[in-house]
Structures are given as structure tokens and as C-alpha cells.
Amino acid sequence: MKNWDKDTICIQGGYEPGNGEPRVLPIYQSTTYKYDSAEELAKLFDLETPGHMYTRISNPTVEYVERKIADLEGGIGAMMTSSGQAASFISVFNITSAGDNFVMMSNLYGGTTNLFLVTMKRMGIEARIANPDMTDEEFLSLFDERTRCFFGETIANPSLEIFDFDRFIPLVHGKGVPVIIDNTFATPILCNPIVLGADIVVHSTTKYMDGHAEVVGGVIVDGGTFDWEKDGKYPELSEPDESYHGVVYTKEFGKAAYITKARTQLMRDLGTTVQPIAAFLINNGLETLGLRIRKHSENALEVAKYLLSRTDLVESVSYPGLVGDKEHEKALKYLKDGLSSGVVSFSVKGGREKAMAFMNALKLAAIVIHVADVRTCVLNPASTTHRQLSDEMLEKAGIEPGFVRLSVGIEDKKDIIRDIDEAFEACR
Ligand SMILES: *Cc1c(COP(=O)(O)O)cnc(C)c1O
């Protein structure tokens, strides 16, 4: 890898055309690959030589984008998936079996929480819940000899709490297990969890990486940092894989054992593959990621300051970039220049009814189930994703009825603020 800055990797990383080749990443829209001899193909199947054999497992377009993302995160390899959910699932399932457990942070994205607590439970894998307010002793007591990993989020969706890397990573490593971080909201521009000590990073590329709300996708990045052989805790990686004539991933692939197994075994078997055209679109998004995430963050900070000034209508504002926010210190410590992405949470005075009236009155900001794209959008969990809950149950879930999650886009900030201002006036 060249010693490029991240903004350069965003544009020129991954695909580097040779003489006379297309300047722009080509879409290799082919499910299969031609080889001259049956012997060559047999070697591919035995994982003896690298190469593409079938697009469910790998594809040149996808591989170039994977290289770009691995470079952006400071990892040794990456594997794109059909969605962020698939990335989160494979990242944990790659190193767990029935009877094992892992520790998750309480503030994870709702979809991840459901996957871990409900669906993976049915596979016999137990997720144990940690929270940032626990003492070290309480946190460590969640781990036992069957604990296989820890999973946290850099900027939690939607609470916007920031993961305390310096506090938790040494505790987890002290228990001999790897740290997996969902870095979706921060993006590799604002934070590199691997540089901060994490071992594996996952993303929903659906959010800022694509950035235009066009394709659902995910990615797993391997830091190549974890010693999978040390305690014999990861037989999937350090003992023969019968489905590949007894290959031992740690022996054959060294530092890349984890990501190689994720691809050759789990992607082969589960088929949660990203399509080449989707990888191409995500790559288009990645080219401007550096520019966009700065603008999202700048706009969001201005919007958060405006909301804070409306004490007549707004109960509370949460944005890690705000001076005085309870997460601000960690934002300055872990996020580049304290930039905190485009998501702002706030609570409207007057509860659920008022929040819905306010959202209905917005003209530029649209009501959608999405965050983190170029267009400003809003979501009120009480009337959508958490609609079935009573106000009392919402409170228990830590969601105020008037809670609004605003994903600030990259339109002109004056227009975004005017839209909010006019919506407040309209529903007074
Ligand atoms: C959206 C999201 C996911 C899930 O990703 P999909 O691409 O929707 O499957 C996971 N983690 C976070 C933080 C998200 O915001």
C-alpha cells in the first residue's frame, strides 16, 4: 500500500489501472471465470492458488472495492456483504458455535440487537449485554471460558454514545478475545478502530459509504492483529477445516486467517454476496466520502447549535460535536477533529403528537427509514420503529416520546435550518 492520505485512497485506492486499461473501475458483471485447465481450477478449489472461481465467493470489481476499504481502515483484508446485517452476523458467527457466548454493548443498532439476542440465540449462541455505565468488575464478570468476542459501535445508532476504546479494549483483550467494532456512523474518515486497538471492523455501507441511499451493503475488515492460535479457543481457525480437505487457516493464511475463512467457508455456504454493480455504486460513493462526511459534520453541528438555542420548543439535544454534550470529550479524543457525522438526536417539547406534527411540517427534510445520505431526513422512533410501545415502555427503552433522529444532509445549512424553523412555526 502506498503512503496515501485517506482522501487520496477514497479516490485512487483499490483499483489502479495499468497502461491502456479503463480509468474508472470496470463492472465485471460475470458470475464465473474461465480457466485453461481442470488442474488450475482444482487448485483454486483446494485454496492452493488465489483467483476468482465464482462470484458468490469473489469477483474482481468487488475485490478492488474491498481493497480500498481495507486500506481506509488500516486492515489487511476485507470482505463485502449483501448488507450490514450480513456483515455483523458473519463477523461473530465466523468465530462462534452453539454453546459459545459473546459480549455486546447495550446501545447497538436495533437490527443488530435483534440479530444477536433473538436470531443467534436460536443457533445456541448467547449474547451478553454490557453497558457503558458498568464498573470494570461488572463488565469483566460477563466473560467466561466460552466467551468468543466483544461487539461495540463507534458512534451508537441512535443514542450517539461514543465507544470508550481506551477503557474497554484492554479489558476485552485481557480476557483473551477479539474486539469487533461497527464503525458505520463514524466512517473510516473520522475514526479507525483498528488503529485504536480493535481487531475487526464492520460497516453498513448502506449509510455514509454509499452515501446516496442507493444500495444496501456491508463489509467486514480484518485488522490481522489477533492471535487466533494462542489459547486454542478458536478451533475453527487453528484446526483442520474438513470442508476444505483439512486446511488450517492460521497455518495457510497467517494474519489473514479470519477474513479468509469468512469468505471461503461462510460466504460460500451462506451466499450473502454483494453484487458487482452494487460494489461499483458503493465505490462511487467512497470516492467522495472524505468531502461528504466533513460537510455532514459541519452542517450537523450548526443544526445542533440552532436546536439548542430553541429552548422554547426543544427539550434536549444530543450531538457529540456540541461543546457540553456528555459525549463531547470522547468525540474530541476518538473522532478526527471532533467531527461527529450528520446524525443529531433531539426531543421536542409536547411528546409524540408534537414530534409528529413537526415532522409533517418539514418540507426539505423527508420522513424516511434511513440515515446517513446526502439528503436531510428525519425519523421519530415513537411513531415508526417503536410504534407499538406505550410512552411508559418507550421511556424504559430510553426513547423519549418526542425524540426525533435527524440525519443532516449536505444541502446548504441555511436551508436546512430554515426548514426546521418554519416547521416549528407551523406546528406551534
Ligand atoms: C443500518 C445499520 C446496520 C445494518 O445495516 P444494513 O445495511 O441496513 O443491513 C448496522 N449497523 C448500523 C450502525 C447501522 O446504522
Are any of the residues in region 397-413 under 23 Å from residue 301 (Cα atoms), free of Cβ contacts under 8 Å to residues at least 12 places away in the same chain and surrounded by fewer than 22 Cβ atoms within 10 Å (Cβ to Cβ)? yes
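Being aliphatic (A, V, I, L, M) and either open to solvent by less than 50 Å² (accessible area, probe 1.4 Å) or touching a residue at least 24 places away in the same chain (Cβ under 8 Å) (or both) is the filter here; which residues of region 23-41 pass it? Even if it seems obvious, please write down each step before you answer.
The initial filter retains those residues of region 23-41 that are aliphatic (A, V, I, L, M), namely 24-25, 27, 38, 41.
25, 27, listed by residue number.
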Given the residues 270, 322, 237, which is the only one that is within 16 Å of the ligand (Cβ to nearest atom) and not small (Gly, Ala, Ser)? 270
Looking at region 354-393, which of its residues are charged (D, E, K, R), touching a helix residue (DSSP H, G or I) at 6+ places or on another chain (Cβ under 9 Å) and assigned to a helix (DSSP H, G or I)? 391
State which residue is nearest to residue 87 (Cα to Cα) when the search covers only region 167-187 and only residues that are in contact (Cβ under 8 Å) with a residue 40 or more places away in the chain and more than 14 Å from the ligand (Cβ to nearest atom). 178
Condition broken by residue 151, with the remaining ones in (1) away from the ligand (no atom under 16 Å from the Cβ); (2) within 23 Å of residue 94 (Cα to Cα) satisfied: (1)
Can you tell me which residues in region 162-192 are surrounded by fewer than 20 Cβ atoms within 10 Å (Cβ to Cβ) and within 29 Å of residue 7 (Cα to Cα)? 164, 166
Restricting to region 358-382, what's the tally of residues that are out of contact with any strand residue (DSSP E or B) (no Cβ under 9 Å at 6 or more places or on another chain) and either without any contact (Cβ under 8 Å) to a residue 40 or more places away in the chain or under 23 Å from residue 312 (Cα atoms) (or both)? 3
Looking across region 193-213 at residues that are farther than 15 Å from residue 87 by Cα and within 12 Å of the ligand (Cβ to nearest atom), the single one that is most open to solvent (accessible area, probe 1.4 Å) is 213
Residue, nearest to the ligand (Cβ to nearest atom), within region 120-131, restricted to residues that are part of a loop (DSSP other than H, G, I, E, B) and open to solvent by less than 10 Å² (accessible area, probe 1.4 Å): 120
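Table: residues versus (1) among the hydrophobic types (A, V, I, L, M, F, W, C); (2) modelled with pLDDT under 90.
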site	(1), (2)
344	yes, no
348	yes, no
351	no, yes
360	no, no
372	yes, no
376	no, no
388	no, yes
393	yes, yes
397	yes, yes
Restricting attention to region 236-255, and to residues there that are of a type in the set (D, E, K, R) and over 17 Å from residue 91 (Cα atoms), which single residue is surrounded by the fewest Cβ atoms within 10 Å (Cβ to Cβ)? 242
Just a yes or no: is a residue in region 177-185 out of contact with any strand residue (DSSP E or B) (no Cβ under 7 Å at 6 or more places or on another chain) and not hydrophobic (A, V, I, L, M, F, W, C)? no
Given the condition in contact (Cβ under 8 Å) with a residue 12 or more places away in the chain, within 16 Å of the ligand (Cβ to nearest atom) and of a type in the set (D, E, K, R), answer yes or no: does some residue in region 72-95 qualify? yes
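The values are calculated or read from the model by the stated rules, or taken from the named source; none is laboratory data. These numbers come from a predicted model, not from an experiment. Backbone-built Cβ (ideal geometry, glycine too); neighbour counts: all protein chains shown. Protein only, heavy atoms only, side chains kept; ligands, DNA and RNA dropped before computing areas. Shrake-Rupley method; radii C 1.70, N 1.55, O 1.52, S 1.80 Å.
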